[in-house]
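The values are calculated or read from the model by the stated rules, or taken from the named source; none is laboratory data. What you see is a predicted model, and the numbers here were worked out from it, not measured in a lab. Cβ placement follows ideal geometry from the backbone for every residue including glycine, while neighbour counts extend to all protein chains displayed.
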Amino acid sequence: MSDPFMPLFSVRSGAGFKAADGVYGLTVQIANVYFIENPSAPREIILVDAGMPQSAEMITEEMKRRFKEGYQLKAVILTHGHFDHVGAIEELLEFWDVPVYIHEKELPYVTGKADYPPARPDAKKGLVAKLSPLFPRHTIRIPSVQALPSDGTVPFLEEWRWVHTPGHTPGHISLFRDKDRVLLAGDAVITVEQESLADVVIQKQELHGPPAYFTADTQTAAASVQKLAELEPEALLTGHGIPMTGKNYREDLLTLAEKLHSVL
Ligand SMILES: [Zn+2]
């Protein structure tokens with residue numbers, strides 16, 4: 001059974017946007033999902049992450065609006081298994097019988113084998129952080145889930161590769177497209193201070209590390225931010241917050257990694 005609706009809002013909830021060439025985003029309450037068109041078969045859509053609980057209808061409506069008649073959802077790729085990234089997965093799979101891919105180290109959390117560790121409400125100040133012990137962290141069961149190919153390739157998306165960015169969770173991944181340096185970062189880096197309810201509601205744009213209350217290993221997360229800096233991304237499409245585009249983000253990410261490294 002899926003989790004109940006969580007009463008968390010932002011002003012951009014329900015807003016669809018073009019994020020990059022062939023990549024479209026949708027803000028679901030306080031988390032983003034992305035739709036990527038398969039460049040060799042443009043009617044084929046790959047969904048990255050599956051939003052908040054009870055958001056299947058919102059996601060489906062956006063696909064219909066964006067891609068019109070005749071589109072086909074081919075697969076779902078999950079950056080990680082947190083509740084705000086898998087919320088609609090069960091309902092979506094009832095309608096679309098498609099494979100779901102996740103890093104092999106994340107499999108236990110989506111196959112009924114392991115729960116995520118308890119939230120850390122005191123890891124960083126903020127009302128969302130305070131509320132975090134109420135967020136679901138229990139394991140779910142996705143029947144069609146499988147591990148991503150170990151060679152870094154992404155099914156259906158030959159221009160993309162996945163990069164292991166652990167720390168927030170053990171099997172967190174980001175997706176990178178070399179040709180235009182577009183990074184789909186999940187929660188490895190985000191562009192809003194997710195711990196702060198006020199910032200989340202207005203979606204104040206600012207580069208941050210992963211949500212601290214749900215980040216199990218900050219030092220590993222910092223190393224992952226450093227790894228992303230070396231990719232020299234020119235677009236940051238993140239799991240939370242308004243995407244940042246238009247420059248090389250290497251220096252900003254290195255500064256952020258340093259800041260996270262100094263967190264005890
Ligand atoms: Zn997360």
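The table below lists the values:
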| read-out | value |
| --- | --- |
| Given (1) out of contact with any Pro (no Cβ under 8 Å at 6 or more places or on another chain); (2) away from the ligand (no atom under 13 Å from the Cβ); (3) among the charged types (D, E, K, R), number of the condition Arg181 does not satisfy | (1) |
| Arg137 vs. criteria basic (Lys, Arg), under 17 Å from the mean Cα position of the chain (by Cα), surrounded by fewer than 23 Cβ atoms within 10 Å (Cβ to Cβ) and within 14 Å of the ligand (Cβ to nearest atom) | yes |
| Total residues in segment 75-109, condition part of a helix (DSSP H, G or I) and either within 16 Å of the ligand (Cβ to nearest atom) or under 22 Å from Ala188 (Cα atoms) (or both) | 11 |
| Candidates Gly16, Gly70, Gly112, filtered to the one that is under 24 Å from Arg177 (Cβ atoms) and either more than 16 Å from the ligand (Cβ to nearest atom) or crowded, with 18+ Cβ neighbours inside 10 Å (or both) | Gly16 |
| Residue match in segment 218-235 (condition: buried (at least 21 other Cβ atoms within 10 Å of the Cβ), hydroxyl-bearing (Ser, Thr, Tyr) and in contact with a strand residue (DSSP E or B) (Cβ under 6 Å, 6 or more places away or on another chain)) | no |
| Scope segment 138-159; condition in a strand (DSSP E or B) and of a type in the set (Asp, Glu); matching residues | Glu158, Glu159 |
| Close pairs (7 angstrom Cβ cut-off, 6 or more residues apart or separate chains): over 17 Å from Leu148 (Cβ atoms) in segment 172-187, away from the ligand (no atom under 16 Å from the Cβ) and of a type in the set (Gly, Ala, Ser) anywhere | Asp180/Ala20; Arg181/Ala235; Val182/Ala20; Val182/Ala235 |
| Subset of segment 151-171 that is touching a residue at least 24 places away in the same chain (Cβ under 8 Å) and small (Gly, Ala, Ser) - its residue that is nearest to Ala88 (Cα to Cα) | Gly171 |
| Single match in Gly239, Gly209 (criterion: within 16 Å of the ligand (Cβ to nearest atom), at pLDDT 95 or above and buried (at least 18 other Cβ atoms within 10 Å of the Cβ)) | Gly239 |
